[in-house]
Structure formats: structure tokens, C-alpha cells
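Scroll down for the structure; my scribbles are underneath it.
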Amino acid sequence: MKSKIEKLNVHLVKECVFNKDERIFTKDCSKCSESIGDVDDYEQCVKCLLKSIYLGNNKDFKKSNLKIHGTVIEPGTIKIILNYFKKLKEINKIWRRIEKVGKSDCIFQEFNCRVESINNALLSFNESVIFDPILVFNLLIDVKDEILAHKFLNIECQKCSIKILDLLDSILEIFKNLEIVIQYLKFLENNNNSKDISMFYKKIFFNSQKIFNESGIINGILRSSRGELLESYCSGENRIFQISIFNIKGEYEKKYLVNYDFDSKGDEKYFKTIVNDVKNNLTLIESNEIIPLEELINFYKKKASDYLNLKYKLSQKEIDKVSYIAALYKLNLEKIFPLLVDDLIEEIFLDSPIEKIYINHQKYGRCRTELGFNHNDIERIKTFLRLYSGKRLDYSNPSIKVVLKNKYFYCRFAVDVEPIQLNNFALDIRKLNKNILTIQDLLKNDTLSPSLASFLYILVLRRINITVTGETDTGKTTLINALDLLTPKEFRKIYVENVNESLNQSRFERHQLKYKVDSLEDLTNHLLSKQNQIKNLLHRTPDIIYLGEILTKNEAEAMFHCLAAGLRGFQTIHSNTINSLINRIIHHFKIDKTCLHDLGILILMKKNREKRFIDSITEMREKLDEDNEIYENLFKRDPRIKNWTMLKDLYNSNTIKTLRKYEDLQKEKFDTLFYLYHDVFDTLRKLDKIIITKLIELFDQLSFQSFISVDALRLFWKNWKNTCGLNV
């Protein structure tokens, strides 16, 4: 006769969807007399869940999802509970030995035997207790502590106590090797040893899974208790990934969720089940060669599409989306891939195997996800990166970096394992094909002001060297890429980079010659070094050089060699302040102080919780006296008013004074150019976003007219604004 719990379980099956081994196991909570209204009131649900798994441990949950009170729990999570139930027979066997201790030969049986009373307490286990591995584990710990704390005066009691302690340790050793207990012990470490079992189970079963309300999904977005929905957008091929950003009350970090947008009347659960069906019927490709990831995805997409056309009546749009997802599942990329193809994500982090992934988002800063990797996921990622990097990843070589570029993403993967990584796995993925942020974008998000942009544009047109400094992830490369887009169309630009982070401007008809040099850890040939290629620039006739990040003493020496020879362009150097930059150059790179003038304009980038911004624009003083500050700020951001102050008459700055020696740049002309450009950038800041091709065309004309005459520039700008319907 079936129990009440078994009767409440219902299998949801759709025709031609599930194969014989795959089911969704649903607990019908509506018929439960203790059904809860609030999903956060989960204690009774946990008890019911554990009983349901126990009753189905022979077959039902091995390859099935379980849905209980709106929460979908996957087989991997259920497995850690099943592993406990598999150990119950062994635990019971040891327990029977504990029961026999002192039964036959104890001389104190007729009295109040302390050991026997503890034994009786253990024997009081009932069905509701045995289902819960953590409750049993804690009870055993308490019993052990009770025995250890009791001071037995009689030698006979001590003998029985030692026997029971040895047997208890045997049982506890079994528990401590269970994944559910391992996770519980880590939970205790992170929560000040708070033995709140219900909170632990909430984290295991409820926090890490998708939570539905009675209506399930509305417009492809999960209804959730995670907070206010800030934005929802789609990414990936066919816009299949539905991204939702939630605000978490009382926290700076946002919540980043990924779902599938099938753009169909069919429900998401139905399509996900079709994906599983397709994945299980795709044959693994066999090859003796390393196949590019792009080709693998295309291969499985084609096979999936063929299978769908034969078995299902779906629209072509649905087939395209389902085959895409099925290919990712076949390649075990379904978790990380949506993050790799989201252009608004700048960096992806996983600090240890027991943590969740978190990201840096271009618009919302630091965001948490609900994505985690199990042991199999981690081993696949290691194999994947070993394969495509051709490097070892083990005890002898515990760190690797590999750059992967294909039509889907362009990222630098960095992985650390033992012995240098405490938890044996950490992952950092830096997106190298982030959204192109133009000067208009930077104006709109207050990275700089129209005044700063106007001054920098005057310098860019005249090939003044610009060195951008700041800490990691302050937007140094983003700024020089935005300035690089403003350079005149006719400039010949040469790039020397360890990692290609500059923009491909071929579609804008730019003249770009690019060189990729070996990174520090890969350097085996001096001819391929960055410093060697920088020195070779003198024979390649560039108008602008783009050196990317200057990391070493040799690279710095080569850079100053080129700057002293008259080459000009853009480069970045890590530092915290202008003073620390100068210290790095003089003391770490061993560059003579007299060479500092060649750096041109120095831009210091900073980042706070809200945004990235230019902190200051600086130049070196004419005389580099030991007793005085050797640099001065032209612009400085005031954090109180969140705006910039011009600290010096720009026309009398050393940079403009130097220009005036070789160009007829009277004050009236300089002021007119400055305020015309200021109006350009102020207008762009107020206008809706202009597509990048139109923006490039605008600046091509601005640069062209600028060198004809001020009047020609003024007339062009007036006509452009009239064309846009702006009040002039």
C-alpha cells in the first residue's frame, strides 16, 4: 500500500519529449494540510522534501528533477541526500553494536547507568529524524560531547564509554565523508558556527534554485522574491538568453539571473525538456585533432536541427533556439556561455568550487549570480583550457592564462589550482570584446566632462602623447580606445599589444597595423618581445602609436626611446596616484627624471562604487626641481560636487605653450576651438545615443574642418545641428 507522501507525487510527462530515464517529479503541495503561503517559510517543506527523496531513493530521483512548492531541485542536488540514505545500512550495523555495549556484563545494570541512559536517548530516533542527515549528525555530536563531559568515577563505566566513543567515531567518520555534511561544516564556518539547520537547507535547496510562484513565468522573466527588477534584456545568438538584473534591498551588489527566452507560446519547461531530449540523442564527434569551439558549436547545432525537424513540429525560429541550447548542453557550456556572450559583462569571477559566480557589469557594477560549478563542471573547464592552451594545469604548473577568440566571445581565461590556490580551483575571465564605449557614452556616464573632452580632443588632433594611469579596472583602456576613435581618418596607426584590447576600426576605413607580442609568462624569443617591437616602430612611420599596457622595465625603456625620437600616441601604466606613477618610472623602471616630459599629458583614472571617472589631467612642470612638485594638475575632480575644476589657464599650460612654438595658435583661435568643441561634446552628452558609424563620420568632418579654418568648422557644426533639428 502506497504512503500518503507517495500518493502526492505526480509525474509530469509531455508526449514525445522525455525518454524513459528522464522525468520531472512534482510534489503536489496544494494537497498538503501544512502547505505554506510564503516561500521563505520553508522548514516544513524541507522535512517533506527529505521524506519524498527517501521514499523514492531506489529509482525515482536518480535522473529526475524534483519540483516542490514551486522550487525546481536538480538531480545533482538530490544525489547528495541519496548518498546519505545509501549509508544508512552501514550506520545501522554500527549502531547495533553500540546498543549491545554493557548489556550482558555491566555490574551497574540495576542502578542508574549513565551510559545506558545515553544509549536510550539515541534509541528514541523516529522516522522524522532518520530522514534528516544533518539532524542525525548533530545528535551524534551532542551524544559524544555528553559522554566526554561526564566524569565517570567507576572504571567499568569508563570502559563502556570508550567502546561507545570508538563506535560513535566510526559513524561520525561516515558522516564527515558525506557531501551534505561537508557542505554543512563549511556553512558553519561561514556563519559563526550557528547550527541553524533550516537556514542551511534553505541555502542548499531553495536559494540556489529557481523559485516560481503559482503563475510561474511572466513574459519570460521569473517572478521572484529577489527584489526590484531593474532591467531585463536579451543576449546571445537569436537573443536566446534572457538577462534580468534585480536590486537587493540593503545591498550594493545586484542579482544577475539568466533564463531562456524561447519567444513562443509554449512554456519554458516544455522547451527545456526538448533540449534534454535532443542533447541525449546527439552523438559525440570523434576527431584526432583539436577542433575550434566555433566549429563544434556549429556541428552540434546542425545535428540538433536535423533531429528536431524529424521529431517535432516547431517553427524555424524555435528550432534555431533549441538547437543552439542543445549544442551548449552537449559541450557542457550551458552555465558559463550566457556570461561569455553578454557584452555588458566586463569580468567573471569564481573564487572557489563552493562559491557562486559573480561578475562586474558595465551598467550595474558588481552582481551576484546563482551559478555554481560542481566537481564535474570544474574538471571539464580544466580539460577545456588545457586543450585550447596546450599547457599543463597541475601541481607543477598551477596557473595558466589563455585567450580564446571566436565569433561568440573574446576572453582571457585565468585559472589557478593547488598548490597556490587554497581550494584547488579559482577562475577569472576577463572580457576583451566588451561593448565599445564611445566618447558620447563616457560623457553620458560622467567619466569626463565636455571641458575635459574638448581639451583632450585638441591634443589628439595634434598628436600629443597621452599616458593614462590608474589601478586595475578603472577604465584606462576604455578611455584610450574612445580617444583612438577620435583620431583623424588619414592617420597611420600602429599597435603593439600583449593582448589585443584595441578596437578593430577597419569598417571605419582606418589605417591600422597591429602587432601581437608575447606576454611575460610566454616569452621565449626576444625578437617577439614587446620592447623589441616598440623599438622597431621607428622604421614603420606611424602617425600614432598604441602601446597598450606598459608592464616591465624593458618595455618602459623602449617606450621612452620611441617618445624621445618623436613618436606619439597612447599607452597605459598601472599606478594608484600620479606620485606612484612617477616613482614606478624613476625607481622601478630606472628612467631618468629628465625623460618625464616625454610622457605628455597624464590622465589619472579612478573608480568608486558608482562609476569609473577621470580624477585628474596633469602635466609635468617646465623645471623638474627637487624641492618642488614636479607636476601640476590642469583639471581635478571635486568629489563633493562630483564635477571637475580647471586649475590653470589651459592656453598657458606647458603642453599648449609647446604647441604654440610650431603652430600659429593665437589665444583667440584656441579659445574659439575650445568652446566650439565644448559645445560639440555638451550636445552629444544631451543627445540620444548616436550609432557609432554616424559618430565617427561626425568626428571625421570635425577634424577635417578644424584644419581648414575656424570659420569652416563653425559653419559645419551649425549646419550639423540644424540637420538634427537642434536649436542653434
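The values are calculated or read from the model by the stated rules, or taken from the named source; none is laboratory data. It should be emphasised that the depicted structure is a prediction, and the values quoted were computed from it without experimental measurement. Here the Cβ is made from the backbone with ideal geometry for all residues, glycine too, and neighbour counts use every protein chain on show. Just the protein is used for accessible areas: all its heavy atoms, side chains included, with ligands, DNA and RNA removed. Shrake-Rupley method; radii C 1.70, N 1.55, O 1.52, S 1.80 Å.
So which trypsin sites (Lys or Arg not before Pro) in the stretch 622-728 end up in coil per DSSP with only 16 or fewer other C-beta atoms within 10 Å? Don't jump to the answer; show the numbers that get you there.
Working: sites: LYS623, LYS636, ARG637, ARG640, LYS642, LYS648, LYS657, ARG660, LYS661, LYS667, LYS669, ARG685, LYS686, LYS689, LYS694, ARG714, LYS718, LYS721; in loops: LYS623, ARG640, LYS642, LYS648, LYS661, LYS689.
Passing both the DSSP loop test and the Cβ count: LYS623, ARG640, LYS642, LYS648, LYS661, LYS689.
Using every pair of alpha-carbon atoms in the stretch 337-451, split the distances into 5 Å bins beginning at 0 and state the percent of pairs per bin, rounded to integers.
With 5 Å bins starting at 0, P(r) equals 2, 11, 19, 21, 18, 12, 7, 5, 4, 1, 0.
If DNA, RNA and ligands are ignored and the probe is 1.4 Å, what is the ranking of HIS588, HIS539, HIS678, HIS597 by accessible area, most exposed first?
Result of the area sort, largest leading: HIS539, HIS588, HIS597, HIS678.
Assuming 0.36 nm per residue, please report the length gained on full extension of the stretch LYS516 to LYS667 beyond their Cα-Cα distance.
Fully extending the segment from LYS516 to LYS667 adds 50.1 nm.
What is the stretch 309-378 by shape, rounded, prolate or oblate, if you read a ≥ b ≥ c off the alpha carbon gyration tensor as root eigenvalues and call it rounded for a/c under 1.5, prolate for a/b larger than b/c, and oblate otherwise?
oblate
Report the relative contact order of the stretch 531-646, percent, no decimals, based on alpha-carbon pairs under 8 angstrom and at least 6 residues apart. Walk me through the intermediate numbers first.
Numbers: 150 pairs, mean separation 19.2, N = 116.
Reported as a whole number, the value is 17 percent.
Tell me, what is the per residue accessible area of the stretch 609-658 in Å², probe radius 1.4 Å?
Accessible area per residue, the stretch 609-658: 59 Å².
Rg to Rh ratio, the stretch 237-297, alpha-carbon atoms and Kirkwood radius?
Looking at the stretch 237-297, the ratio lands at 1.14.
Starting from the stretch 351-439, pick out the chymotrypsin sites (Phe, Trp or Tyr not before Pro) whose DSSP state is loop and whose Cβ has at most 12 other Cβ atoms within 10 Å.
Answer in residue order: TYR395.
Run the numbers on the stretch 328-483 and let me know its relative contact order in percent, using alpha-carbon pairs under 8 Å that are six or more apart.
The value is 19 percent.
Hey, which of these cross-link pairs are over 23 Å Cα-Cα: LYS514/LYS661; LYS611/LYS686; LYS203/LYS382; LYS203/LYS330; LYS86/LYS159? Walk me through the numbers before you get to the answer.
Working: LYS514/LYS661 33 Å; LYS611/LYS686 19 Å; LYS203/LYS382 27 Å; LYS203/LYS330 28 Å; LYS86/LYS159 32 Å.
Where the Cα-Cα span goes over 23 Å, the pairs concerned are LYS514/LYS661; LYS203/LYS382; LYS203/LYS330; LYS86/LYS159.
Dividing the alpha-carbon radius of gyration of the stretch 400-494 by 2.2 N^0.38 Å (N being the number of residues), what value is obtained?
Normalised Rg, Cα atoms only: 1.43.
Among the GluC sites (Glu not before Pro) in the stretch 636-713, which ones are in a DSSP loop with at most 14 other Cβ atoms within 10 Å of the Cβ? Mind listing them? The partial results should precede the final answer.
Details: sites: GLU663, GLU668, GLU697; in loops: GLU663.
Sparse-neighbourhood loop GluC sites (Glu not before Pro): GLU663.
Taking a ≥ b ≥ c as the square roots of the eigenvalues of the Cα gyration tensor of the stretch 247-385, is the shape rounded (a/c under 1.5), prolate (a/b larger than b/c) or oblate?
oblate
May I ask you to derive the relative contact order of the stretch 289-374, considering only C-alpha pairs under 8 Å and at least 6 residues apart, and to give it as an integer percent?
18
What's the carbon and sulfur percent of the stretch 456-569's accessible surface, probe 1.4 angstrom, rounded to a whole number?
That fraction is 48 percent.
If the stretch 672-714 were replaced by its equivalent ellipsoid, with semi-axes equal to the square roots of 5 times the Cα gyration tensor eigenvalues, what would those be, largest first, whole Å?
Working through the eigenvalues yields semi-axes of 19, 14, 5 Å.
Filter the cross-link list LYS79/LYS144; LYS590/LYS648; LYS144/LYS176; LYS489/LYS694; LYS694/LYS718; LYS249/LYS476 down to pairs whose alpha-carbon distance in this structure exceeds 23 Å. Mind showing how you got there, number by number?
On the way: LYS79/LYS144 28 Å; LYS590/LYS648 31 Å; LYS144/LYS176 15 Å; LYS489/LYS694 14 Å; LYS694/LYS718 17 Å; LYS249/LYS476 32 Å.
From LYS79/LYS144; LYS590/LYS648; LYS144/LYS176; LYS489/LYS694; LYS694/LYS718; LYS249/LYS476, over 23 Å: LYS79/LYS144; LYS590/LYS648; LYS249/LYS476.
Once you sort the root eigenvalues of the Cα gyration tensor of the stretch 497-634 as a ≥ b ≥ c, which label holds: rounded (a/c under 1.5), prolate (a/b larger than b/c) or oblate (the other case)?
prolate
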